[in-house]
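Visitor: One structure coming up, written as structure tokens, with questions to follow.
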Amino acid sequence: MKNICFFILSLFFIQCNAQSPKNSSAKSGVAVADLKKTIVCKSEKLTYHFPDIRAKNENNFFNQEIIAGYVEASGISMGKIKTPEQLLQNIVKSRTEACKKGDNYSGLNTVSFEIGSNNGKVLSLTMHYEILAGNLTIEEKYYNFDIVNKKVLTVDEVFSKDKIPNLIHRINKELKEKLEEYNKESKELEQQEIVDGLLANSSAIFTKEQLEFFKILEKGIEFKIDYGVPRGTLPLDNDVFMSYEELKGDLNEKINSLLRQ
């Protein structure tokens, strides 16, 4: 299953500034270049960043996975796109044509990425897409690559299967604590109703399906949380971080060996 997470924001206008990508500078990490192109649409800058894993504009497994994720997010035809540079050329051409038609910024407005862990064995990378179609949709795709074996790391390859139920329970416990703390504050009626509903069902806020949306970082793993409401509805973090010490015993030995320098 593709690691896809949708957040719908109710906005009446869009600021088209791309998030700054965080590129790997680790000496032992795999080379990742930041390919960037910008167009001006009705005086607004639309900026697109795309990673080139191994920094040679290569047609390799890793770049193809990310290109396929973009194709899925945008609904465009794959065609002859094989490299990150070709993809960016396609994006710029498509958005430039749309802008000339006066479509009021509809479509893909920014692309950015950030890197979590990059130790030469594991590369964790998150793509961010901002798409305007009535409301602004923020789509995030998570990639945790096994560089050595040229594959995407799955949940079952990262976490011990028999430990997953307990891990989910611990994450829900932490979310419940956050909600209880927030519940002490004054809030609007709508927010209060949402919090009451979440607390009543606090053991099932975070599900096994959500476990697929995670980032491998240098000091731990970050899990993305979907409260079932649009982002920004509640002033709560949409992630839970657990250090490797906290996850001791939850991880498969295989991932432990990949995380070691």
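Visitor: Per residue, how much accessible area does region 157-261 show when a 1.4 Å probe rolls over the protein heavy atoms, in square angstrom?
Guide: Accessible area per residue, region 157-261: 56 Å².
Visitor: What accessible area, in Å² to the nearest ten, does a 1.4 Å probe give for Ser186?
Guide: In the full protein context, Ser186 sits at about 110 Å².
Visitor: How much of the DSSP bridge set in the chain is antiparallel, in percent, rounded to the nearest 5?
Guide: So the antiparallel bridges amount to about 95 percent of the total.
Visitor: Heavy-atom accessible area of Arg260 with all protein chains present, probe 1.4 Å, nearest 10 Å²?
Guide: 120 Å²
Visitor: In the Gaussian network model of the chain, springs joining C-alpha atoms below 10 Å, which of Ala68, Ala33, Ala200 carries the largest mean-square fluctuation?
Guide: Residue with maximal mean-square fluctuation among Ala68, Ala33, Ala200: Ala200.
Visitor: To the nearest 10 square angstrom, what accessible area does Ile168 show with a 1.4 Å probe?
Guide: Answer for Ile168: close to 30 Å² accessible.
Visitor: Under 18 Å from the Cα of Lys100, which lysines turn up, not counting those fewer than eight places away in the same chain?
Guide: Lys37, Lys42, Lys45
Visitor: With N residues in region 141-261, what two-decimal value do you get for its Cα radius of gyration over 2.2 N^0.38 Å?
Guide: With N residues counted in region 141-261, Rg over 2.2 N^0.38 Å equals 1.18.
Visitor: Quick one: order Asp239, Asp52, Asp196 from most to least accessible surface, probe 1.4 Å.
Guide: Accessible-area ranking of Asp239, Asp52, Asp196, largest first: Asp196, Asp239, Asp52.
Visitor: Loop only by DSSP, 11 or fewer other Cβ within 10 Å of the Cβ. Give me the GluC sites (Glu not before Pro) in region 180-249 that pass, ordered by residue number.
Guide: When the GluC sites (Glu not before Pro) of region 180-249 are filtered for loop state and at most 11 Cβ neighbours within 10 Å, Glu185, Glu188, Glu245 remain.
Visitor: Could you list the chymotrypsin sites (Phe, Trp or Tyr not before Pro) in region 154-261 that lie in coil according to DSSP, counting only those with at most 10 other Cβ atoms within 10 Å of their Cβ?
Guide: none
Visitor: Something else about it: Take region 143-200, drop everything but the C-alpha atoms, weight them equally and run the Debye formula without solvent; then report log10 I(q)/I(0) at 0.26 Å⁻¹ to two decimals.
Guide: -1.00
Visitor: Over all distinct alpha-carbon pairs, what is the Kirkwood Rh of the chain in angstrom?
Guide: 19.9 Å
Visitor: Among Asn183, Asn109, Asn144, which one moves the most in a GNM of the chain with springs linking Cα atoms closer than 10 Å?
Guide: In the Gaussian network model the winner is Asn183.
Visitor: To continue, here is another question. Divide by every residue of the chain the summed helix terms, -39500 (n - 2.57) for each DSSP H run of at least 4, and state the resulting mean residue ellipticity at 222 nm, rounded to the nearest 500 deg cm²/dmol.
Guide: -8500 deg cm²/dmol
Visitor: Principal axis lengths of region 93-166 from Cα atoms, whole Å, largest first?
Guide: 53, 30, 16
Visitor: A further question on this structure: Tell me which aspartates and glutamates have Cα within less than 16 Å of Lys254's Cα, excluding those fewer than 8 residues away on the same chain?
Guide: Asp146, Asp156, Glu157, Asp162
The values are calculated or read from the model by the stated rules, or taken from the named source; none is laboratory data. This one's a predicted model, so the numbers in the text were calculated from it and none came from an experiment. Positions of Cβ are generated from backbone atoms using ideal geometry, with glycine treated the same way; all protein chains shown enter the neighbour counts. All accessible areas refer to the heavy atoms of the entire protein, side chains included, with ligands and DNA or RNA removed. Shrake-Rupley method; radii C 1.70, N 1.55, O 1.52, S 1.80 Å.
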